[in-house]
Each structure stands twice: as structure tokens, then as C-alpha cells.
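For reference, the structure discussed in these notes is given below.
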Amino acid sequence: MAKAPSVLILNGPNLNLLGTREPEIYGRTTLAEIEARCREHGDRLGLAVECRQSNSEGELVGWIQRAREAHAAIVINPAAYSHTSIALLDALQAVGLPVVEVHLSNIHKRETFRQHSYVSRAAEGVICGFGAEGYAMALDALARRLVKEQES
Ligand code: DQA
């Protein structure tokens, strides 16, 4: 049997505070719970899942640059860096892996400064507004694509 393709799930600044951070916007699910659900969902889909979070843009860039060594795709919630970081966009474009961007909140319903994401230019698709469920939706989308690739 072929080895399970691996997906790197990256979460950006302040997402370590999920559960207590503005729960009316981001919900009450903690990052640890989201990561555990992603690993379980990955198991069901035949994907290996590795999760990391950083408050530092440079650390996120480093992980993206090295992602090709071990991963077949990236799911990223760049948090506030979505709206500011050409460095994250460049890193994602440089590695060329399939990327799904996730936001817990619907950024298009929020302040104007949140309605543009640099990272979206590197993404195959963007899922926003479905809360913690968005990560599972991203894995569903990638599983279809990666399993298809493995079969061809
Ligand atoms: C977020 C939306 C961003 O605007 C914000 O800076 C975040 C979280 C979301 O998941 O809804 O930190 O990416």
C-alpha cells in the first residue's frame, strides 16, 4: 500500500489563544482540540497530518521553505499575516505545493483591512467562515486531490 501523503497544517499569530480569544468571533475550540481533530480526520482520509503554530513570521517562512522535504500539501491559517505578509506569499509560491488557506471567521464580513489576503494568490482555494470545521474541509479537498494524484 502507498505511504499516506502528509499535510502540514500551519497556524499563525495569536491562534495559540483560541478558546479564550474573542470567542464570539473565533469560537471556544482550542488550537489543541483543532489539531487533534485534524489528525483524526486525516487518519480517516488516509492522510498523515503534522500541525505547527507560530507567532513569528520568520519561523512560518522557514517551515514553508522546508515543507517539500516531508509534505505533499499545506493548509495554512496565516491569521493577521494574511493581510500583511508578502514574505509568506513568496515562500508558498517558491515551494509550489498545493495550498489551502483557512480562516475561522468570514474575513469578507469583517473590517476592510481583513478582506484582502496576500496569501490567497498562492492558494488553490480559501475556506472561511466555518469556524474550526474549516480545517477538516481543507483536508477533504486536499485528500481528493492527493489520492487522485497517487492513483494516476
Ligand atoms: C483569522 C482572521 C484574521 O483576520 C485574524 O487576524 C486572525 C484569525 C481567522 O481565522 O478568522 O488572527 O485568520
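Each reported figure results from applying straightforward, stated rules to the coordinates on display, with no laboratory input. Everything numeric in this text was worked out from a predicted model, so none of it was measured. With ideal geometry, Cβ positions are generated from the backbone for all residues, glycine too; neighbour counts draw on all protein chains shown.
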Next on the checklist: Output needed for region 6-151: three equivalent-ellipsoid semi-axes, defined as square roots of 5 times the C-alpha gyration tensor eigenvalues, in descending order, whole Å.
Outcome noted: 22, 18, 14
Item to check | Net dipole in debye of region 6-151 [+1 Lys, Arg Cβ; -1 Asp, Glu Cβ; about Cα centre; nearest 20] | outcome: 160
Next on the checklist: At 7 Å along Cα-to-Cβ for each site, give me the label-to-label distance between residue 113 and residue 28 in nm.
Outcome noted: 3.0
Item to check | Helical mean residue ellipticity (222 nm; -39500 (n - 2.57) per DSSP H run of 4+; nearest 500) of the chain | outcome: -11500 deg cm²/dmol
Item to check | Full-stretch length increase - residue 14, residue 55 - with 0.36 nm per residue and alpha-carbon distance subtracted | outcome: 14.1 nm
